[in-house]
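Comments concern the structure below.
The values are calculated or read from the model by the stated rules, or taken from the named source; none is laboratory data. Note that the structure is a prediction, hence the values are computed from the model and not measured. As a convention, Cβ positions derive from the backbone with ideal geometry for all residues, glycine included, and neighbour counts pool all protein chains shown. Quick note on the areas: whole protein, heavy atoms, side chains included, nothing else; ligands and nucleic acids left out. Shrake-Rupley method; radii C 1.70, N 1.55, O 1.52, S 1.80 Å.
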Amino acid sequence: MVLDFKTLYQDLPSNVEQFLDDLWHPLHLSQRRQAYPPVNIVENEEDITIYAVVPGVEQDDIDLSFSENSLVIKGERKPEQGRYFRQERPSGPFQRIINFNIRVDQNRTKAKLKDGLLTIVLPKVEESKRQQIKIEKE
Amino acid sequence: MSATRDSRESSLPRVHPAADIVQRDDSYYIVLDMPGVRKDDLDVSVDKDVLTVAAETSYPDITNQKQWENEFGNVYFVRRFTLSDAVDRDGIKASMKNGVVSLHLPRAERVQPKKIEIESG
């Protein structure tokens, strides 16, 4: 074995810490465990950006597609080869659907993958952008 | 070495990265999910029988933008493993790809099974 039992005990206090932390922040807990992969979504004047955390997933194992006004992120996390002593990292297929309430330009959508972070930039279509309306003087 | 790291104050929340430990051929591998960590920011060290893996994530700053969802943020990943004598400490190698750290721990020479010849008397 690579590890002594000591390592198992070392894990314990931090797990308790995590557990207590989750108790204090039930919202945080529900968000974290609900869907995979976890995402951050931000909006600015020009576009919507989705950040998804997908460690260990190769570019070829990610499938991005549009279905009406939602984006579908599909992929697979492949398990390590060999004899397992410990397995904590999830593996297997995953899917997450993100709905938009505004229209995005599907043809100009760009995605990149770096350090296990998938970044998808969806430009807004012209009519979805904020329009300033000028008030005419009488 | 680990003493300095223990006293290191990272303002980010400390998180234990999920780890797999597997045996393949004559080596052990520790694989850790550390998304958002740049290769240059990864810190792997061995102090006596304790192997420490630590790094801060570098996710893009989104605080000034309108947020729809916020399910993750920057963290300080840190995890320690106690090595047994079965590992060749000098031969440990680390690599990083797609936010996953792979540590290659070769088996120590003397732990490999050795056949003892029986001399005919």
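When B:F72 is tested against (1) crowded, with 16+ Cβ neighbours inside 10 Å; (2) modelled with pLDDT of 95 or more; (3) within 8 Å of chain A (Cβ to nearest Cβ), just one condition goes unmet, and that condition is (2). Here is the figure for the stretch B:33-58: residues that are more than 8 Å from chain A (Cβ to nearest Cβ), under 12 Å from the mean Cα position of the chain (by Cα) and open to solvent by less than 40 Å² (accessible area, probe 1.4 Å) total 8. Can you find a residue in the stretch A:53-70 that is facing another protein chain (nearest Cβ under 9 Å), more than 27 Å from B:H16 (Cβ to Cβ) and either at pLDDT below 95 or exposed (fewer than 12 other Cβ atoms within 10 Å of the Cβ) (or both)? Within the stretch A:53-70, one or more residues are facing another protein chain (nearest Cβ under 9 Å), more than 27 Å from B:H16 (Cβ to Cβ) and either at pLDDT below 95 or exposed (fewer than 12 other Cβ atoms within 10 Å of the Cβ) (or both). Look at the stretch B:63-91: where a residue is among the hydroxyl-bearing types (S, T, Y) and a partner is part of a helix (DSSP H, G or I) and open to solvent by 20 Å² or more (accessible area, probe 1.4 Å), sitting 6+ places away or on another chain with Cβ atoms under 8 Å, you get B:T82/A:K6; B:T82/A:Q10. For residues that are within 8 Å of another protein chain (Cβ to nearest Cβ) and touching a Lys or Arg at 6+ places or on another chain (Cβ under 8 Å), scanning just the stretch A:36-47, find the one that is surrounded by the most Cβ atoms within 10 Å (Cβ to Cβ). Among residues in the stretch A:36-47 that are within 8 Å of another protein chain (Cβ to nearest Cβ) and touching a Lys or Arg at 6+ places or on another chain (Cβ under 8 Å), the one surrounded by the most Cβ atoms within 10 Å (Cβ to Cβ) is A:V39. Beta carbons closer than 6 Å, at least 6 apart along the sequence or on distinct chains, pair a first residue in the stretch A:102-118 that is under 23 Å from B:D61 (Cβ atoms) and within 14 Å of chain B (Cβ to nearest Cβ) with a second that is open to solvent by 40 Å² or more (accessible area, probe 1.4 Å) and at pLDDT 90 or above for A:L113/A:Q59.
Note on the stretch A:93-138: residues that are polar (S, T, N, Q) and either surrounded by 12 or more Cβ atoms within 10 Å (Cβ to Cβ) or in contact with a helix residue (DSSP H, G or I) (Cβ under 8 Å, 6 or more places away or on another chain) (or both) total 5. Here is a list of conditions, (1) of a type outside the set (A, V, I, L, M, F, W, C); (2) more than 12 Å from the chain's Cα centre (by Cα); (3) within 11 Å of chain A (Cβ to nearest Cβ); (4) open to solvent by less than 40 Å² (accessible area, probe 1.4 Å), and B:N64 meets all of them except one; can you say which number that is? For B:N64, the exception is condition (4).
Out of A:G82, A:G75, which single residue is of a type in the set (G, A, S), under 27 Å from B:R24 (Cβ atoms) and out of contact with any Lys or Arg (no Cβ under 6 Å at 6 or more places or on another chain)? Full working, then the answer.
Values: A:G82 fails: out of contact with any Lys or Arg (no Cβ under 6 Å at 6 or more places or on another chain).
None of the others qualify; the one that does is A:G75.
Return yes or no: is A:Y36 modelled with pLDDT of 95 or more and touching a strand residue (DSSP E or B) at 6+ places or on another chain (Cβ under 9 Å)? It is false that A:Y36 is modelled with pLDDT of 95 or more and touching a strand residue (DSSP E or B) at 6+ places or on another chain (Cβ under 9 Å).
Among the residues of the stretch B:10-31, which ones are of a type in the set (G, A, S) and in a strand (DSSP E or B)? Working first, answer last.
First pass over the stretch B:10-31, keeping only residues of a type in the set (G, A, S): B:10-11, B:18-19, B:27.
Hits for the stretch B:10-31 are B:A19, B:S27.
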